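Trainee: My questions will all concern the structure given below.
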2 protein chains.
Amino acid sequence: MNRAKKRRLESKGWKVGDTREFLNLSAEEAAYVELKLALSKNLQELRRQKKLTQEELARRLKSSQSRVAKMEAGDPSVSIDLLVRSLLALGASRKRLAEMLL
Amino acid sequence: MNRAKKRRLESKGWKVGDTREFLNLSAEEAAYVELKLALSKNLQELRRQKKLTQEELARRLKSSQSRVAKMEAGDPSVSIDLLVRSLLALGASRKRLAEMLL
DNA sequence: TGACTCTATGTCGGAAACAACATATCTTGT
DNA sequence: ACAAGATATGTTGTTTCCGACATAGAGTCA
């Protein structure tokens with residue numbers, strides 16, 4: 001479970017004892033994190049395949065090397081939005097994106 | 001004209017800005033918007049299939065009715081992150097998410 | 001070893017996305 | 001037609017994500 005979600009739950013007085021909701025949220029959260037990781041891996045693969053450094057990719061994305069490093073590391077501060085935009089910028093098709101999810 | 005307003009207009013098909021900006025609206029950007037729209041549509045379908053109101057779904061997501069409305073409308077202020085998390089919360093599998101992209 | 005390139009990690013100010021609210025508009029049943 | 005419920009739209013204050021920068025670590029070659 002990532003920082004943000006945890007904090008949000010805590011601030012809303014999440015009931016620790018509610019097993020059903022706890023399990024549901026965990027499963028969702030796990031699916032979300034796994035999905036992000038899948039995109040991260042594929043981003044790194046694609047970048048290497050294209051023989052680009054993180055710095056070069058960052059320039060294409062109008063971003064920074066550190067952000068690319070965080071993307072590839074699946075850092076919690078990186079959104080799926082940014083990953084998807086980056087993959088599209090590397091020429092990944094919708095079909096290919098779909099394959100990443102399977 | 002502020003940035004948010006401009007985005008909102010652009011999402012509704014208004015051309016705001018000069019020709020260069022318009023031409024730079026790349027295939028990549030179009031793909032991103034289309035992808036979001038696909039998820040939006042599927043979210044609405046899933047919600048209706050489950051016979052939930054926007055208000056009820058919002059409560060599940062610990063969000064608000066207006067946010068759900070904006071999600072389903074493909075509003076520019078809604079991230080893919082939120083759409084994905086919502087779809088997962090409605091029980092969509094990774095496989096199903098992948099199918100939405102095809 | 002030391003210079004050089006590439007990648008990882010921490011931090012910060014500002015931009016974008018968020019939940020929540022208010023209110024308007026659309027829908028549906030009577 | 002009217003009311004009630006559901007959905008759409010606009011705004012506000014807060015939180016999260018972003019690019020940018022600094023710097024550390026890892027790998028390579030002379």
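Trainee: Could you tell me whether region A:72-85 includes any residue that is outside any loop (DSSP other than H, G, I, E, B) and more than 10 Å from chain B (Cβ to nearest Cβ)?
Mentor: Checked against the condition, which is being outside any loop (DSSP other than H, G, I, E, B) and more than 10 Å from chain B (Cβ to nearest Cβ), region A:72-85 yields at least one hit.
Trainee: A further question on this structure: Just wondering, is there one or more residues in region A:49-56 that are surrounded by 14 or more Cβ atoms within 10 Å (Cβ to Cβ) and touching a residue at least 24 places away in the same chain (Cβ under 8 Å)?
Mentor: no
Trainee: Something else now. How many of the residues making up region A:86-100 are part of a helix (DSSP H, G or I) and farther than 15 Å from A:Q54 by Cα?
Mentor: 8
Here's the yes/no breakdown for (1) out of contact with any Phe, Trp or Tyr (no Cβ under 8 Å at 6 or more places or on another chain); (2) surrounded by 15 or more Cβ atoms within 10 Å (Cβ to Cβ); (3) more than 19 Å from A:V33 (Cβ to Cβ):
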{"site": "A:S77", "(1), (2), (3)": "yes, no, no"}
{"site": "A:V84", "(1), (2), (3)": "no, yes, no"}
{"site": "A:L88", "(1), (2), (3)": "no, yes, yes"}
{"site": "A:R94", "(1), (2), (3)": "yes, yes, yes"}
{"site": "A:M100", "(1), (2), (3)": "yes, yes, no"}
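Trainee: So, of the residues in region B:34-43 that are of a type outside the set (G, A, S) and surrounded by 15 or more Cβ atoms within 10 Å (Cβ to Cβ), which turns out to be farthest from B:M71 (Cα to Cα)?
Mentor: If we take residues in region B:34-43 being of a type outside the set (G, A, S) and surrounded by 15 or more Cβ atoms within 10 Å (Cβ to Cβ), then B:L35 is farthest from B:M71 (Cα to Cα).
Here's the yes/no breakdown for (1) at pLDDT below 90; (2) within 13 Å of the chain's Cα centre (by Cα); (3) under 22 Å from B:L82 (Cβ atoms); (4) more than 10 Å from DNA strand C (Cβ to nearest atom):
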{"residue": "A:R7", "(1), (2), (3), (4)": "yes, no, yes, yes"}
{"residue": "A:E10", "(1), (2), (3), (4)": "yes, no, yes, yes"}
{"residue": "A:W14", "(1), (2), (3), (4)": "yes, no, yes, yes"}
{"residue": "A:R20", "(1), (2), (3), (4)": "yes, no, no, yes"}
{"residue": "A:N24", "(1), (2), (3), (4)": "yes, no, yes, yes"}
{"residue": "A:A30", "(1), (2), (3), (4)": "no, yes, yes, yes"}
{"residue": "A:K95", "(1), (2), (3), (4)": "no, no, no, yes"}
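Trainee: Hey, another quick one. Within the bounds of region B:67-86, is there any residue that is more than 12 Å from DNA strand C (Cβ to nearest atom), within 21 Å of A:A27 (Cβ to Cβ) and either of a type outside the set (V, I, T) or under 14 Å from the mean Cα position of the chain (by Cα) (or both)?
Mentor: no
Trainee: Search region B:33-71 for residues being within 8 Å of DNA strand D (Cβ to nearest atom) and not in a helix (DSSP H, G or I), and hand back the single one that is farthest from the other protein chains (Cβ to nearest Cβ).
Mentor: Once the filter is applied, the top-ranked residue is B:T53.
The values are calculated or read from the model by the stated rules, or taken from the named source; none is laboratory data. Keep in mind that this is a model prediction, so the values were computed, not measured. Here the Cβ is made from the backbone with ideal geometry for all residues, glycine too, and neighbour counts use every protein chain on show.
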